[in-house]
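Take a look at the structure set out below.
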Amino acid sequence: MELLDLLYPRECAACRGPAGGAGRLAVCAACDGTLEWISPPACARCGAADRGKGCAECRGKELLFAGATALGRYEGRMRDLVLGFKFRGARHLAEEFGRRLAARIERRFDLVVPVPMSRWKVLFRGYNAAELVAERLARHARTPFAARRLRKLRRTKPQAELALEERLTNPRGAYRAKAVKGVVLLVDDVLTTGATANACTEALRAAGAAEVHLAVIAR
Ligand SMILES: [Zn+2]
Ligand SMILES: [Zn+2]
């Protein structure tokens, strides 16, 4: 048995059947074909699947980041995979998602930065999924990675528990960044209202980032 077999389970993360071969570490070929991936062309501003005629997902929305890339839609089995990755210890999915995101991103960035979690939350959950995927993405894209450049200053209520209006203002001012230069790629697990990514973008811009782009697993 090779080392990789020990690190990465040979069962498919979506159907629990035997996993695929080379290049598909986490999902089997059958699941890969049915998962809710967003295939290019996608909306450059919010990463949604481009259905032509402009993007209904982000029209009229205040998004502070300069552009976004999303691997999939946050629904169905893709949502199950992301939830397993975030909450149920499926840490090996970071490699799969990070590699795929690096392949999707067309431009060069100066730095990859994950959306941070507060320290108590990392202790409670064991890891920050956004940080794991950001680290893998950076490695595959051969881009510098800084896990601690952005910090979460205060606890925010879980976005899922709030009404839409509250969700938009909840994370505002909750993040602070250390000095940063150039074009930054911010990485999160999921993009919903954009409020968290906006708050992180504001912090990074305030710390000197020329431009901030966003990469997420799903939206
Ligand atoms: Zn499968
Ligand atoms: Zn859009």
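Overall, the stretch 138-177 carries a charge dipole of about 420 debye about its Cα centre when +1 sits on the Cβ of Lys and Arg and -1 on the Cβ of Asp and Glu, all other atoms neutral.
Of all DSSP-defined beta bridges confined to the chain, some 25% are antiparallel rather than parallel.
Compared with the dominant principal axis of the Cα atoms in the chain, helix 129-141 is inclined by about 80°. Residues whose amide H lies under 5 Å from that of Tyr175, counting only those 5 or more places away or on a different chain, are Leu153; hydrogens are built 1.01 Å from N in the peptide plane. Amide H contacts of Phe145 (H built 1.01 Å from N, in plane; Pro and chain starts excluded): Val112 sit under 5 Å, all sequence-distant by 5 or more or on other chains. Computed over neighbours whose Cβ is under 13 Å from that of Phe145, the net charge equals +2, Lys and Arg +1, Asp and Glu -1. Sparsely packed loop sites in the stretch 139-189 (the trypsin sites (Lys or Arg not before Pro) outside DSSP H, G, I, E and B with at most 12 other Cβ atoms within 10 Å) comprise Arg142, Arg148, Arg154, Arg155, Lys181. Would you give the gap between the C-alpha center of the stretch 166-219 and the C-alpha center of the stretch 23-67, rounded to a whole Å? Rounded to whole Å, the Cα centres lie 18 Å apart.
Taking only Cα atoms, what is the 0 to 90° angle, nearest 10, from helix 76-87's long axis to the longest principal axis of the chain? Orientation of helix 76-87: about 70 degrees from the principal axis.
Dividing the summed -39500 (n - 2.57) terms of all DSSP H runs of n ≥ 4 by the residue count of the chain sets its mean residue ellipticity at 222 nm at -9500 deg cm²/dmol. Arranged from fewest to most other beta-carbon atoms within 10 Å of their beta carbon, Asp188, Asp50 become Asp50, Asp188.
Rg over Rh for the chain works out to 0.95, using Cα positions for both radii and the Kirkwood form for Rh. Angle of helix 195-206 to the longest C-alpha principal axis of the chain, folded into 0 to 90 degrees and rounded to 10: 60°. The lysine pair count for the stretch 35-218, using Cα distances under 16 Å and pairs eight or more places apart or on different chains, is 4.
Rule-based calculations on the coordinates, nothing more; no lab input. These numbers come from a predicted model, not from an experiment. Please note: Cβ atoms are built from the backbone with ideal geometry, for glycine as well, and neighbour counts cover all protein chains shown.
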